[in-house]
Amino acid sequence: MSEQATILIVDDEITIRKTLGLALTSKGYKIVAAGNGPEALLLLEDNVIDLALLDMRMPGMSGYEVLKEIRKSHSALELPVLMLTATDDADAMISSLKSGANDYLIKPCNREILAARIETQLSMKEMNESLISERNNLRREFVDAKVKSELDSVKFKSEFDQRTQAEKALIESERRFKVLYDARGCGLSDRRRDEFTLEAAVLDLGAVVDQLGLESFALCSFFNATPAAVRYAAHHPARVSRLVLWGGFARGADVYAFPIDPGAGGLVAANWELMLDAAVRTWTGSAGEEARQIAGYFRAAVDPETALKAFAAARDYDVTADLPRVDAPTLVVQRRDARSQRLEIARELAARIPHAELSLLPGAEASPFSGDVEAGVREVERFLGLRPATAGQPSPVAAARDAPPADAAPPPLALTEREAEVLALLCRGRSNKEIAADLGVSVHTVERHLTNLYSKLGLHSRTEAVAFGLRYGYG
């Protein structure tokens, strides 16, 4: 859709209109331009516009006023509007977003970032139109089935129920609110930042949540952002309903084995192209066109000095003490053969979070946006309750429970009485906190018993421990 999309540029400065028009024409877009608000509204009536770039401050009819008129006839999904401003005025930006703008950009705009933001909005518009079309198709199919069907009443009712559920799911998918934000120092966030501590990252996350007024939400994080997500979830249990950690870690020193000198920016800048290409090949598991595109995105999104400071700070992250305090159901996920993500780190993360499950997907790509992306999406949707479990495929626990004992062999190592009690309660679905309360011991003591269990039995996660316990009669 984006290659044939028509973009309306509204700015009282002809130089801006021409500059933006040339930049976007080179990307394959059709351009319609207006020098003021009334002219823009007339063009909207006479043309099919897919997206509008609207100057915030114009003489006569301001950008705010034009936006309000647009929203009387076009929703934010039907016609995305990106506001343009020459000043970094936070109040003005917030006001424009509340008035119905989809996004904003500060002039002069980086061409690649401008193109990426436009592509994102057009993709969301296309997705919405596809959902509406699918919903309408379902309605038409249902009417046709009702008229033509010769099925008995029981079968007809079953079909009606299934189609109603499908339509409800489509409506819900349209309504569901997803928020992504750029970390400090990169993308459209403030580039003039020197502080990349864990505390700063947690404050940034909290600021986004507070600004959006979210009371309860699922939190998904990747790589260096996972420690901040863990700490926020541990300190705000009522807000985080579910937690997804892709390629996560608790201690930065486990991932970055050697100290990083944040003052070596000049050296990194001199070798930035080679280092970035090597890093992207590791993330994507590829050296092809996809890797080149991602490398280009990173060059536009962050400079080498900022990247070095962020990585140096990440090495000092440590949320080990926060892990037992995370109350939200948690999915620790990565690909099994990703070279930059060690399995023992993921296993430890899942073992120390009370309600965590570990999912190791096939593949060698570290990034969730490379390789079999659909498999990663399916797994996250399953965990969030957006996709039912695959019929006929039992969980690891159910498979272990139903499988016959191998030659009825007893466990190779005997457990102490207390370890056996802990394993039995684990098999009944108790959390570490609940086990501690049942046995009258501390949570730390329960964690120590679990560590001993894993070591004795050669296990790596709670799921494996439960499977073992059910297999040998502890459940």
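The values are calculated or read from the model by the stated rules, or taken from the named source; none is laboratory data. Keep in mind the model is a prediction, meaning the values are calculated, not measured. So basically every Cβ, Gly included, is an ideal-geometry build from the backbone, and we count neighbours across all protein chains shown.
Scanning the range 452-462 for residues that are without any contact (Cβ under 8 Å) to a residue 24 or more places away in the chain and part of a helix (DSSP H, G or I) turns up just one, SER455.
Look at PHE298 and say whether it is within 21 Å of ALA183 (Cα to Cα), assigned to a helix (DSSP H, G or I), aromatic (Phe, Trp, Tyr) and at pLDDT 75 or above. The answer is yes for PHE298. Inspect the range 322-340 for any residue being crowded, with 20+ Cβ neighbours inside 10 Å, assigned to a loop (DSSP other than H, G, I, E, B) and within 17 Å of the chain's Cα centre (by Cα) and give the result as yes or no. Looking for residues that are crowded, with 20+ Cβ neighbours inside 10 Å, assigned to a loop (DSSP other than H, G, I, E, B) and within 17 Å of the chain's Cα centre (by Cα), one finds at least one in the range 322-340, hence yes.
Listed conditions (1) closer than 21 Å to ALA116 by Cα; (2) modelled with pLDDT under 90; (3) surrounded by 16 or more Cβ atoms within 10 Å (Cβ to Cβ) are all met by LEU24, apart from (2).
Residues in the range 324-360 that are under 12 Å from GLY248 (Cα atoms) and in contact with a Pro (Cβ under 9 Å, 6 or more places away or on another chain): THR330, VAL333, GLN334, ARG335. Within the range 50-58, the presence of at least one residue that is part of a loop (DSSP other than H, G, I, E, B), closer than 23 Å to THR87 by Cβ and not basic (Lys, Arg) is confirmed.
State yes or no: is VAL230 touching a residue at least 60 places away in the same chain (Cβ under 8 Å) and either in the same structural domain as ALA338 (by TED's automatic domain parsing) or not in a loop (DSSP other than H, G, I, E, B) (or both)? First the steps, then the outcome.
Working: touching a residue at least 60 places away in the same chain (Cβ under 8 Å): yes; either in the same structural domain as ALA338 (by TED's automatic domain parsing) or not in a loop (DSSP other than H, G, I, E, B) (or both): yes.
Considered against the rule, which asks whether it is touching a residue at least 60 places away in the same chain (Cβ under 8 Å) and either in the same structural domain as ALA338 (by TED's automatic domain parsing) or not in a loop (DSSP other than H, G, I, E, B) (or both), VAL230 comes out as yes.
Residues in the range 190-207 that are touching a residue at least 60 places away in the same chain (Cβ under 8 Å) and among the β-branched types (Val, Ile, Thr): THR197 only.
Checking ALA356, ALA366, ALA351 one by one, the residue that is at pLDDT 85 or above, surrounded by 10 or more Cβ atoms within 10 Å (Cβ to Cβ) and in contact with a Gly (Cβ under 9 Å, 6 or more places away or on another chain) is ALA366 and no other.
Would you say ALA307 is of a type in the set (Gly, Ala, Ser), out of contact with any helix residue (DSSP H, G or I) (no Cβ under 6 Å at 6 or more places or on another chain) and either surrounded by fewer than 20 Cβ atoms within 10 Å (Cβ to Cβ) or farther than 28 Å from SER189 by Cβ (or both)?
Values: of a type in the set (Gly, Ala, Ser): yes; out of contact with any helix residue (DSSP H, G or I) (no Cβ under 6 Å at 6 or more places or on another chain): yes; either surrounded by fewer than 20 Cβ atoms within 10 Å (Cβ to Cβ) or farther than 28 Å from SER189 by Cβ (or both): no.
Criteria not met by ALA307.
Tally up the residues in the range 425-451 that are under 18 Å from ARG325 (Cα atoms), part of a helix (DSSP H, G or I) and under 32 Å from the mean Cα position of the chain (by Cα), please. Selection size over the range 425-451: 9. For VAL179, the conditions (1) modelled with pLDDT under 55; (2) closer than 24 Å to VAL208 by Cα are fulfilled apart from (1).
Quick one: is PHE217 within 22 Å of SER370 (Cβ to Cβ), modelled with pLDDT of 90 or more and in the same structural domain as ALA351 (by TED's automatic domain parsing)? It is false that PHE217 is within 22 Å of SER370 (Cβ to Cβ), modelled with pLDDT of 90 or more and in the same structural domain as ALA351 (by TED's automatic domain parsing).
In the range 64-82, the residue that is farthest from ILE132 (Cα to Cα) out of those that are modelled with pLDDT of 90 or more and crowded, with 17+ Cβ neighbours inside 10 Å is VAL66.
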